[in-house]
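Read through the structure below, which is laid out as structure tokens, and then see the notes.
Just so it is clear, none of the values below were taken in a lab; they were calculated from the coordinates. As the structure is a prediction and not an experimental result, all values here were calculated from the model. We place every Cβ from the backbone using ideal geometry, glycine too, and count neighbours over all the protein chains shown.
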Amino acid sequence: MVAVVSIWVSGKAQEREIVITGREIVERLTRLEEGQKRLEDGQRQLGQRLDEVREFLLWGFGVTFAGIFALVGFVLWDRRTALAPAVRRIEELQERERRLEAALREYAAKAPELAEALKRAGLM
């Protein structure tokens, strides 16, 4: 008897789960549609935020590279202006050396000892 009652109760329980009214189906479909709309809205918002992040990154990289190029330009300009006095001084010294050598050669034509010394130094 207990076995019959337990089978009958389990059968009724399964029977209740299977029976779904049309109204319940409509309500569940309505909830599914609303959930789908919320998902679509979320996807749209996520896409907009990703576009904003992408735009921010592009601006950030642009500003960073512009700063790097400006810094490199400043370094090159500063190096050139800092080296200009040294280059001028070297050119002045080279010109003085040329004049001194010319004077020594001219005098060496009159003084044979100086001419011999310049030959040994490789200047003549």
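Look at the stretch 81-103: where a residue is within 30 Å of L114 (Cβ to Cβ) and a partner is part of a helix (DSSP H, G or I), sitting 6+ places away or on another chain with Cβ atoms under 9 Å, you get E101/L118. May I ask you to verify whether E101 is out of contact with any Lys or Arg (no Cβ under 8 Å at 6 or more places or on another chain), among the charged types (D, E, K, R) and surrounded by 10 or more Cβ atoms within 10 Å (Cβ to Cβ)? It is true that E101 is out of contact with any Lys or Arg (no Cβ under 8 Å at 6 or more places or on another chain), among the charged types (D, E, K, R) and surrounded by 10 or more Cβ atoms within 10 Å (Cβ to Cβ). Does the stretch 99-115 include one or more residues that are within 43 Å of the chain's Cα centre (by Cα), part of a helix (DSSP H, G or I) and of a type in the set (G, A, S)? Looking for residues that are within 43 Å of the chain's Cα centre (by Cα), part of a helix (DSSP H, G or I) and of a type in the set (G, A, S), one finds none in the stretch 99-115, hence no.
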